[in-house]
Amino acid sequence: MPEPRTITVEVLRYQPAKGTNPYVDRWTIPYTEDMSVLQGLQYIKDTLDGSLTFRWSCRMAICGSCGMMIGGVPKLACRTFLRDLAPGPVRVEALAHFPIERDLVVDAEDFVGKLERIKPWIEPREPRTLEEGPYTQTPAQLARYESFSHCINCMLCYSACPQYGLNPDFLGPGLTALLHRYNSDSRDGASAERMQLVHSEEGVWSCTAVGYCSEVCPKQVDPANAVNVNKTASAIDWFARFLPGKR
Amino acid sequence: MALRRTYVRSMDGWWRRDPFFIHYMAREATAVFVVAYALILLAGVIRLSQGEAAFGEWLEGLANPWSIAFHVALCAIFAYHTWSWFRIMPKTMPPVVVGGRRLPGAAITALGLAAAAIASAAFVAFVAWLAS
Ligand code: SF4
Ligand code: FES
């Protein structure tokens, strides 16, 4: 039997009840070839320290709840493997740019509030009755927004965005991508409303094209593209006001 | 909710946190030199409007060894700036579809860099031709 391999996991902890600032805890744990960072944390919670707090659900990179800074980079803990981080130590911290609620759990209220504001649903361009049948779409129309619909709301891109860190009012990369997904949908009729958000102070003009958001996105959504394409759209809208026949 | 007390981490020195941010800051910093050089050229135009002698002085100033060293450094800085901007270019434009396929980002970057290289070479050739 080969010796079980071990790796040291360092976690930035924050326990508000203790009334102290964040501090670092270290554990050395055995790991196997197929163990993710999430499983490492679960091992710690189950056998070493039950107070360690983190979010997770699907364990398959689809629910978007296990985002954290791993080695300083925003990643999904369930999709990051301990073997790739050997010999360690593996440094784990709550997602950057969000307030820490407890240990690896961040306060996502800001994100969720903005999510509601972008109207993440289709407002039918023309209401249809049941008898009129479904709203149809061609493959080409689908292709216009499909990649942006892959977002899992994991917020990794927000931790990669210094502009969001410096100014939390910024709508940010992921939600702009989602907004763009609905605005680019041929069935939707609410884009004028959503564009108000795009134009606003907190909209796309807060972006300085750092571009790291698209690098860290686990779903290749390319939020930086959504933001920058909307800068063009916003500028065109603004100049269009001066054309004859416009308001 | 009494125990709910979130902790906000400081953003101090954020750009040193990740190599990606350092590259970003380098791109932004090199933009300052682009502006500076535009001002130097603008000064040349103003000197030209003041007559031949004034323009001659401006040209002499450019031939100074310090100025030449500055130009060599600027050349490297501009090359970095060009490269860093074309690298981000695919993110700034809507999908380019050629023959039913989406053009990959790397191809857009390569096209941009090629266009910059050709334009620079053509300009140098033009100036050399003028000088000869
Ligand atoms: S755009 Fe990507 S990184 Fe951002 S929230 Fe969506 S899936 Fe996550
Ligand atoms: S646990 Fe669902 S994305 Fe990681």
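The values are calculated or read from the model by the stated rules, or taken from the named source; none is laboratory data. These figures come from a predicted structure and were not determined experimentally. FYI the Cβ positions are ideal-geometry reconstructions off the backbone, even for glycines, and counts take in every protein chain you see. Heavy atoms of the whole protein, side chains included, go into the accessibility calculation; ligands, DNA and RNA do not. Shrake-Rupley method; radii C 1.70, N 1.55, O 1.52, S 1.80 Å.
Among the residues of the range A:65-99, write down those that are within 13 Å of chain B (Cβ to nearest Cβ), more than 16 Å from ligand 2 (Cβ to nearest atom) and out of contact with any Ser or Thr (no Cβ under 6 Å at 6 or more places or on another chain).
Scanning the range A:65-99 gives A:Gly71, A:Gly72, A:Arg91, A:Glu93, A:Phe98.
Which one of B:Ala76, B:Ala107 is under 30 Å from A:Ala233 (Cβ atoms), more than 14 Å from chain A (Cβ to nearest Cβ) and open to solvent by less than 70 Å² (accessible area, probe 1.4 Å)? Working first, answer last.
Values: B:Ala76 fails: under 30 Å from A:Ala233 (Cβ atoms).
From the options B:Ala76, B:Ala107, the qualifying one is B:Ala107.
Quick check on A:Asp25: is it free of Cβ contacts under 8 Å to residues at least 12 places away in the same chain and either within 16 Å of ligand 1 (Cβ to nearest atom) or surrounded by fewer than 17 Cβ atoms within 10 Å (Cβ to Cβ) (or both)? Write out each step before concluding.
Values: free of Cβ contacts under 8 Å to residues at least 12 places away in the same chain: no; either within 16 Å of ligand 1 (Cβ to nearest atom) or surrounded by fewer than 17 Cβ atoms within 10 Å (Cβ to Cβ) (or both): yes.
When the stated conditions are applied, A:Asp25 does not pass them.
I'd like the full set of residues that are over 16 Å from A:Ala160 (Cα atoms), open to solvent by less than 70 Å² (accessible area, probe 1.4 Å) and more than 13 Å from ligand 1 (Cβ to nearest atom), limited to the range A:58-71.
Within the range A:58-71, just A:Cys58 meets the criteria.
Which of the following residues is open to solvent by less than 10 Å² (accessible area, probe 1.4 Å), more than 24 Å from B:Asp18 (Cβ to Cβ) and out of contact with any Ser or Thr (no Cβ under 6 Å at 6 or more places or on another chain): A:Leu52, A:Leu38?
A:Leu52
Residue by residue through the range B:1-32, note down the ones that are within 27 Å of the chain's Cα centre (by Cα), of a type in the set (Ser, Thr, Tyr) and facing chain A (nearest Cβ under 7 Å).
Once the filter is applied, which keeps residues that are within 27 Å of the chain's Cα centre (by Cα), of a type in the set (Ser, Thr, Tyr) and facing chain A (nearest Cβ under 7 Å), the range B:1-32 yields only B:Tyr24.
Would it be correct to say that A:Leu48 is closer than 17 Å to A:Cys217 by Cα and either away from chain B (no Cβ under 14 Å) or within 10 Å of ligand 2 (Cβ to nearest atom) (or both)?
No, not satisfied.
Step by step: first the residues of the range A:207-222, then only those that are of a type in the set (D, E, K, R) and outside any helix (DSSP H, G or I), then the one that is farthest from the other protein chains (Cβ to nearest Cβ). Which residue is that?
Result: A:Lys219.
Can you say whether A:Gly174 is farther than 18 Å from A:Phe111 by Cα, out of contact with any Ser or Thr (no Cβ under 7 Å at 6 or more places or on another chain) and at pLDDT 90 or above, as far as the supplied structure shows?
no
Examine the range A:124-141 for a residue that is within 30 Å of B:Ala26 (Cβ to Cβ), modelled with pLDDT under 95 and more than 11 Å from chain B (Cβ to nearest Cβ), and state whether such a residue exists.
No, there is no match, as no residue in the range A:124-141 is within 30 Å of B:Ala26 (Cβ to Cβ), modelled with pLDDT under 95 and more than 11 Å from chain B (Cβ to nearest Cβ).
Tell me whether the range B:5-18 contains one or more residues that are open to solvent by less than 50 Å² (accessible area, probe 1.4 Å) and over 30 Å from A:Lys18 (Cα atoms).
Within the range B:5-18 (the criterion being open to solvent by less than 50 Å² (accessible area, probe 1.4 Å) and over 30 Å from A:Lys18 (Cα atoms)), the answer is yes, since at least one residue qualifies.
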